[in-house]
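The values are calculated or read from the model by the stated rules, or taken from the named source; none is laboratory data. Quick caveat: nothing in here was measured; it's all calculated off a predicted structure. Using ideal geometry, Cβ is built from the backbone for each residue, glycine included, and neighbour counts are taken over all protein chains shown. Please note that ligands, DNA and RNA were not included when accessible areas were found on the heavy atoms of the full protein model with its side chains. Shrake-Rupley method; radii C 1.70, N 1.55, O 1.52, S 1.80 Å.
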2 protein chains.
Amino acid sequence: MRPPTIRDVAERAGVSKSLVSLVLRGSEQVRPEKREAVLAAVEELGYRPNAAARSLSERRTRTVGVLLHDMRNPWFVELLDGLNSRLHDNGLRMLLADGHLNRRLGEDLTRTFTELRVDGLIAVGTLPPSEALRAAAAQVPTVVAGAREPTLPHVDVVAGDDQLGARLATEHLIALGHRRIGHIAGDGVVGALRRHSFETVMREHGLLDLTAVERGDLTEEGGYRATVRLLSAPERPTAVLAFNDMSCVGALSAAEELGLRVPRDLSLVGYDNTYVSRLRHLWLTTVDNASHDVGRRAAQCLLDRIADPARPAQVVLTTPTLEIRGTTSPPAGR
Amino acid sequence: MRPPTIRDVAERAGVSKSLVSLVLRGSEQVRPEKREAVLAAVEELGYRPNAAARSLSERRTRTVGVLLHDMRNPWFVELLDGLNSRLHDNGLRMLLADGHLNRRLGEDLTRTFTELRVDGLIAVGTLPPSEALRAAAAQVPTVVAGAREPTLPHVDVVAGDDQLGARLATEHLIALGHRRIGHIAGDGVVGALRRHSFETVMREHGLLDLTAVERGDLTEEGGYRATVRLLSAPERPTAVLAFNDMSCVGALSAAEELGLRVPRDLSLVGYDNTYVSRLRHLWLTTVDNASHDVGRRAAQCLLDRIADPARPAQVVLTTPTLEIRGTTSPPAGR
DNA sequence: GACCAGTTTTGGACCGTTCCAGAACGTACG
DNA sequence: CGTACGTTCTGGAACGGTCCAAAACTGGTC
């Protein structure tokens, strides 16, 4: 009652197992009638190759491991889509693992992936710094997608251009006439880049004095709290640039709770163009990182790196665009 | 430069490969000093067992495949969390695959999983009917989680009790004083159950005449359109029970667009208690299916079925609760 | 009919584990 | 001292594929 093996197929088709293997891998060197016979036998027996046996012998798995930070934050869905399509085109399958789900269990996902001997590793989003990832990256081709860290030798980074994105958003607000603008800052290098770019643009317009920054934590709750702090200043901002869509939703709630109408009394800009921002009821103006493209390019980087593991590490940045929706308008006074 | 094998470890520790295998699998029958030697060698070489070789030999993979319908709809996150924790406790790893991502590529995920020879399969949510899944379920222990179909021989089903959930929601609205109540209906058996239960409760209260049902499609967009239709009736409902949180958000937008305040002019109830419903700005009253529990129980079912594949198919229903938040109140007239 | 050059086909080694039967080594007992 | 019995350790046969060198077929030429 075991699943049929290549030998069963061979016997049924009246050929050797080697010939079956040849047919299955699409060799040209096989006479049509034998090919037919083999394929017929495969069909009749419902044969499926055993991936474990194959990868043991081939010494590769045609599988790449994808490390997610947290499925609860939906910004990566598009990225994954791009990743998957490009990998699939090259005969690679994708295995997902959620770091957040597993960290609680104290399990190290890179360990699972190394035991699986994945052909490549993609770290999606800013992961907590981990010695294990560093070690894994030294063994197996690795690409960081949608984040800027960690920077490791031979590890490519593919992400949206955060400096440009934050600039687009800030200039949009300034062009609308806002002068006193707040920022909800995020973590890590990405957080620092967006914040820094925001401040740079404000300085360029001589508005640095009117700038306020509060730290959020990427969640709605964090955005809510940061906004409450921003809005409780004596001179409150008329616009807020949030680190991401989730904290922007938090900002929306804070505004509402304080009796401010968005965008009349307070303009808000999110970041990531997640489906949450696209919910009609929220309809956030937000920065689109071209995540699908980030995914595709990350896949390409990985493919290139698998082909030549020693090539120098690259940093690929995609060009973000501003998606203007319902949460920005000129300030009330104008 | 290849990764070290069990033989390398054996040589380094001055023992046979069999002894290494014994130590690694935690046998008691090994003298402490040898054990130490082996573990030291493992450490020094950075040895990691090769999962492919192991599963080829053991004829099992300690891996279960999880088929997701669509990552964009976030209701399953908690479920996955429960699933993962229980599976992990039993030494099984979980591989995710998103059907939506892959269907576009025309790839059949059950195929990937059968080639991988996963020890079990979990279908999460209502998947499009598929001959492949039926065939796979005949080969490998399978459990449906968070959905009611397909019903196949030897396939367990674990889900929230949709009848009870819809009843709780409907009775809540009636208790608040609503009489004219609309419903946004969903697809599949789950959709039918919720709708039917809604209608039953309405009938019990003699309100069947005041009932209106419009079909949605699980998305925000579908919920929006269905609500527009519901609200354009001459006598419009004062409350709407949505099939899920996503369509409830759509309903929220529709209400807003038509100038109705929620909950003053229109009460709304969602379903699934997703994080979207928990966003402070939306704060939907919704039915909680105890998804974490569904996940844990589904995992348990799968474990039981792996132990005894021939046992009769079970249907396990969890008890939902109503999560009352900001989108329900007595109707304006009261 | 022998020989040659291609084209097809095949047997067997190998990939890195597990697992089993039996070997080697005590230790206790008659 | 020989034997029996535990305990600990080992060699080798799987597991189900790939791949290579060589064997077995072709058909054509002299």
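Brief remarks on what is shown
- The magnitude of the dipole of region A:81-240, with charges of +1 and -1 set on the Cβ of Lys/Arg and Asp/Glu and taken from the Cα centre, is near 260 debye.
- Projected label distance in nm at A:LYS17 and A:GLU235, using a 7 Å step from Cα toward the beta-carbon: 8.1 nm
- Dividing the helix sum by the residues of the protein assembly as shown, where each DSSP H run of 4 or more adds -39500 (n - 2.57), gives a mean residue ellipticity at 222 nm of -13500 deg cm²/dmol.
- For region A:184-201 versus region B:1-51, the gap between their alpha-carbon centres in whole angstrom: 48 Å
- A dipole drawn for the protein assembly as shown from +1 and -1 charges on Cβ atoms has a positive end, and of A:THR114, B:GLY206, A:ASN50 the residue lying farthest that way is A:ASN50.
- C-alpha center-to-center spacing [region A:88-150, region A:248-312] in angstrom: 22 Å
- Kirkwood Rh in Å, taken over the protein assembly as shown so that all alpha-carbon pairs contribute: 27.3 Å
- Selection of GluC sites (Glu not before Pro), region B:1-63, meeting DSSP coil and at most 11 other Cβ within 10 Å: B:GLU28
- In the assembled protein chains, A:MET71 presents an accessible area of approximately 10 Å² (probe radius 1.4 Å).
- Accessible area of B:ASP288 in the full protein assembly, 1.4 Å probe (Å², nearest 10): 40 Å²
- Cβ-vector label at 7 Å, A:ALA175, separations to other copies in nm: 5.3
- Across peptide A:46-53, the average count of Cβ atoms from other chains found within 10 Å of a residue's Cβ is 6.
- Relative contact order, whole percent, for region A:162-289 stands at 25, derived from Cα pairs under 8 Å and 6 or more residues apart.
- Here the extension length gained between B:ARG111 and B:ARG203 equals 28.5 nm, from 0.36 nm per residue of separation less the Cα-Cα distance.
- Shape class of region B:162-289 from the alpha-carbon gyration tensor: rounded, with the ratio a/c of largest to smallest axis under 1.5.
- Peptide A:276-286 has a mean of 5 when you count, residue by residue, the C-beta atoms of other protein chains within 10 Å of its C-beta.
- Per-pair calculated FRET efficiency, R0 = 30 Å: A:ASN90 and A:VAL315 via Cβ, rounded to 0.05: 0.85
- Cα shape, region A:173-240, gyration tensor, a/c 1.5 rule: oblate
- For the protein assembly as shown, a simple Cβ point-charge model (Lys and Arg +1, Asp and Glu -1, everything else neutral) yields a dipole of about 1000 debye relative to the Cα centre.
- Given charges at Cβ of Lys, Arg, Asp, Glu: the protein assembly as shown dipole, positive-most of A:LEU68, B:VAL189, A:ALA136: A:ALA136
- Take the Cβ atoms of B:ALA132 and A:ALA53, set R0 to 22 Å, and the FRET efficiency comes out at 0.50.
- Radius, Kirkwood style, for chain A when every pair of distinct Cα atoms is counted (Å): 22.3 Å
- In loop segments of region B:202-247 as defined by DSSP, the GluC sites (Glu not before Pro) with at most 11 further C-beta atoms inside 10 Å of their C-beta are B:GLU235.
- Magnitude of the charge dipole, region A:6-49, Cβ model with Lys/Arg +1 and Asp/Glu -1, debye to 20: 180 debye
- Length-normalised contact order of region B:6-49 in % [C-alpha pairs under 8 Å, at least 6 apart]: 44 percent
- The relative contact order of chain A, computed from alpha carbon pairs under 8 Å that lie at least 6 residues apart in sequence, is 18 percent.
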